[in-house]
Amino acid sequence: MTVPTDPDSTLQQVSGGDLRVGVSPAEGLADVSTDAPTGPLVDLVDTFADSLDADVEWTIDSEETLVGMLEEDDLDLVVGGFTDQTPWIDRAGVTRGYTGIPGADGRSIVMLVPLGENAFLSELELFLDTEVGS
């Protein structure tokens, strides 16, 4: 057995498959005003997906709706203006905070994953460490 593990096999399912990502609008980080989301967080997710040979499927909605979808296993990752002070910590796995993301403006930005999917969370944090530092 490998540590960390994913009880629901998120990393295994996403690798070479589809990465289902929820995005909520966040000024300077994620713009959802066009057909496809854009911005620094979107670029990071696209690059992360490429590293896993995965195709991104975007869902645009409110934070609350996206967290609910994450809990129902309808999403693998949620991004937006979440900081390390996020109120969703009891309902989602949360990455370390990253201040080096363009557009963060000194905020410690986090991404959300399904609770307990620690291999996926670890892979995402290793990627973020390399791409944007801490």
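The table below lists the values:
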| quantity | calculated |
| --- | --- |
| Nonlocal amide H pairs with Ile60, under 5 Å, H built at 1.01 Å | Val23 |
| Residue-span extension gain [Gln85 to Ser108] - 0.36 nm each, minus C-alpha spacing | 7.4 nm |
| Two-decimal Rg/Rh across the chain, once Rg and the Kirkwood Rh are taken from alpha-carbon atoms | 0.92 |
| 222 nm mean residue ellipticity, helices alone, for the chain (DSSP H n ≥ 4; -39,500 (n - 2.57); rounded to 500) | -9000 deg cm²/dmol |
| Ala36-Thr130 FRET efficiency (beta carbon distance; Förster radius 22 Å; 0.05 resolution) | 0.30 |
| Contact order normalised by residue count of region 54-134, Cα under 8 Å, 6+ apart, percent | 28 percent |
| Centroid-to-centroid separation of region 45-59 and region 94-118 [C-alpha atoms, Å] | 17 Å |
| Debye, to nearest 20: dipole size of region 24-96, +1 on Lys, Arg Cβ, -1 on Asp, Glu Cβ | 340 debye |
| Residue-wise HN-Hα coupling along region 109-120, computed from phi with Karplus coefficients 6.51, -1.76, 1.60 (Hz; x: Gly, Pro) | 7, 10, 10, 10, 10, x, 4, x, 8, 6, 5, 5 |
| Whole-Hz couplings from phi, Karplus 6.51/-1.76/1.60, listed for region 36-47; x for Gly and Pro | 10, x, 9, x, x, 5, 5, 4, 4, 5, 4, 5 |
| Binned Cα-Cα distance frequencies in region 24-101 - 5 Å width, integer % | 3, 14, 26, 27, 22, 8, 0 |
| About the Cα centre, charge dipole magnitude for the chain (Lys/Arg +1, Asp/Glu -1 at Cβ), debye | 440 debye |
| Probe 1.4 Å - accessible area at Asp84, Å² to nearest ten | 80 Å² |
| Integer Hz, Karplus 6.51/-1.76/1.60 couplings in order for region 76-88, x for Gly and Pro | 9, 7, 10, 10, x, x, 5, 10, 5, 9, 4, x, 8 |
| Selected from Thr47, Leu77, Ile89, residue furthest toward positive end of dipole (the chain; charges at beta carbon) | Ile89 |
| Charged-residue dipole, Cβ positions (Lys, Arg, Asp, Glu), region 55-134 about Cα centre, Debye nearest 20 | 440 debye |
| Amide H within-cut-off set for Ser108, under 5 Å, with H built and near neighbours excluded | Asp84 |
| Percent accessible area from carbon and sulfur atoms, the chain, protein chains only, probe 1.4 Å | 45 percent |
| In Å², nearest 10: area of Phe127 left accessible to a 1.4 Å probe | 30 Å² |
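The values are calculated or read from the model by the stated rules, or taken from the named source; none is laboratory data. No experiment lies behind these values; they were computed from the predicted model shown. Counting neighbours? That spans all protein chains shown, and the Cβs are built from the backbone with ideal geometry, glycine included. Ligands, DNA and RNA are stripped out before the accessible areas are found, and what is left, the full protein with its side chains, is counted by its heavy atoms. Shrake-Rupley method; radii C 1.70, N 1.55, O 1.52, S 1.80 Å.
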